[in-house]
Amino acid sequence: HSHTILTHNTHTHNIHTHTIYTLTHAIHTDTRYTHSHTHTQYTLARTHNTHTQDTHKIRTHIDDDDVPVQCDPLQKDGAAGRLLSLWREKVFILLVQLQSRDLQLHTEKSQLHDTVCDLQLDVQKLQSQLSVVQHNLRDRTAQLELQNLHTQELQEQLSCAVEENTKLKEQKENRERSFSAITDTAHRVSESVGQCAGQMDAAQCRMDSLAQRLSFATKRLDTVHGLLLRREALRKAHQASRPPDPAASDSRIERLQSEVALLSSERDALTQELKRTPQLIQNALSDLQQQMIKSDLVRLRTALSRSRAELDECELRRLEAQRQCEEREETIAELRTEAHRVFVCVCVVMQEKVSEMERVCDKQLREMETLLNTARREHTKAVVALRQVERTAAREREQDREAERTRSELTHTHITQLHTQLKDKDREWNVLLVTVREHVSFTKHHSHHRSHVHHVSFTQHRSHVHHVSFTQHCSHVHHV
């Protein structure tokens, strides 16, 4: 059950880690998208600023070329003066439009710059929030790792306790087996003692039968001895009935007496031997019985003392093993309770932390989605404004090209007209010279004054025409 709880805890930790990693990856993705969006807007703003600066440079050059032309005095008489005044009015209107357009572009540029600054501030805020979230995630991950290490330590302690409990159970079983073996040995010893007692009873029965046989043999010996005495008496009576031979009888008597004495001594020895034989047998049997009984008693006492010592030792070991088993069971129960309590606490804390992280991440995701949608809308607006500006600039460039073509055509027409007028003036001048030569009779001073006036006016008109054409040509070149 503890292993299942720890496995479930590890699986829950892995799920929470994967959820945190997914949320972090989503935050990084949104941040990268916001960064790319900000970078795109910044690039567009820089491109727009570059185009605006180039346009300002071109317009500055045009203004530098147009201002001296605008400052020239007008010639009110003639078509050239009217054309020049119209051209100056048109240039003034275009300058006013360009200035208003510059102001509008400057305002849009300021708005885009403010938008980019706001987006950069939002990105910095998001980065700071992301760093805080990552720091919190690292803290939570460290706490989870510590809890996992504590859980692994508890699991190792539980496994060690289970192994020790298994070893104690094995020792208990071994001691029970040894106790049963000692009990069987005691039973076998008691059975061998019973068998020895039976053997002693059988030996006693055999001793009784041997004693009876010895008594019967003694009686037979007494009978044989009586018969021998009777025979000796009969022989003596027979010898007494015959006449005695003194020498032979004396030697024979001595020989017979010696034989009788020898037989008596042998008979006494045999009698004593026969009388001592049952006692010796009885003594030998009693000694053998006593020795066997003593050796069996010593062996049985030794085996019994050893069995009692082993039994006491086994009993002590059994009690110690039982006590250790009870302690291990109490420790296992405490460890299980502690593991269950830790698991419940970890589950509650993890659930709270995960719910808190989910709330924070959901809130941040909603805020980031709102900011992202706002940034997208701003980006769309900026793109639309940029495209509109580009279309307006293209349209203005097209209008400028059309106006330039129109101005070039008008200038060419005007130059042609001026050349025609110049030729007419030359013809008139030639006519006037002829007229002057014909009317030489007039006053020299008056004619000289008149010719000088005509020559000055013609020279001014011609220089003015050349200056206007050269200025238009230079402005056209600068514009191109």
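The values are calculated or read from the model by the stated rules, or taken from the named source; none is laboratory data. None of these values were measured; they are calculated from a predicted model. Note: ideal-geometry Cβ built from the backbone for every residue, glycine included; neighbour counts use all protein chains shown.
In this structure, does Leu280 turn out to be modelled with pLDDT of 75 or more and either part of a helix (DSSP H, G or I) or polar (S, T, N, Q) (or both)?
Working: modelled with pLDDT of 75 or more: no; either part of a helix (DSSP H, G or I) or polar (S, T, N, Q) (or both): yes.
No.
Assuming Ile93 fulfils every condition listed in (1) exposed (fewer than 13 other Cβ atoms within 10 Å of the Cβ); (2) touching a Ser or Thr at 6+ places or on another chain (Cβ under 6 Å) apart from one, which condition is it?
In the conditions (1) exposed (fewer than 13 other Cβ atoms within 10 Å of the Cβ); (2) touching a Ser or Thr at 6+ places or on another chain (Cβ under 6 Å), Ile93 misses (2) alone.
Scanning for something within 44 Å of the chain's Cα centre (by Cα) and aliphatic (A, V, I, L, M), does the range 374-386 turn up at least one residue? Quick ask: steps written out before the conclusion?
Keep residues of the range 374-386 that are within 44 Å of the chain's Cα centre (by Cα), which gives 374-380.
Adding the requirement that they be aliphatic (A, V, I, L, M) leaves 375.
Looking through the range 374-386, at least one residue is within 44 Å of the chain's Cα centre (by Cα) and aliphatic (A, V, I, L, M).
Let me confirm something: among Thr185, Thr107, Thr166, which residue is surrounded by 13 or more Cβ atoms within 10 Å (Cβ to Cβ) and of a type in the set (S, T, N, Q)? Give the derivation first.
On the way: Thr107 fails: surrounded by 13 or more Cβ atoms within 10 Å (Cβ to Cβ); Thr166 fails: surrounded by 13 or more Cβ atoms within 10 Å (Cβ to Cβ).
That would be Thr185, the only listed residue that is surrounded by 13 or more Cβ atoms within 10 Å (Cβ to Cβ) and of a type in the set (S, T, N, Q).
Before we move on, is Ser258 modelled with pLDDT under 70, part of a helix (DSSP H, G or I) and at negative phi? Spell out the reasoning first.
Numbers: modelled with pLDDT under 70: no; part of a helix (DSSP H, G or I): yes; at negative phi: yes.
Judged against the criteria, Ser258 is not a match.
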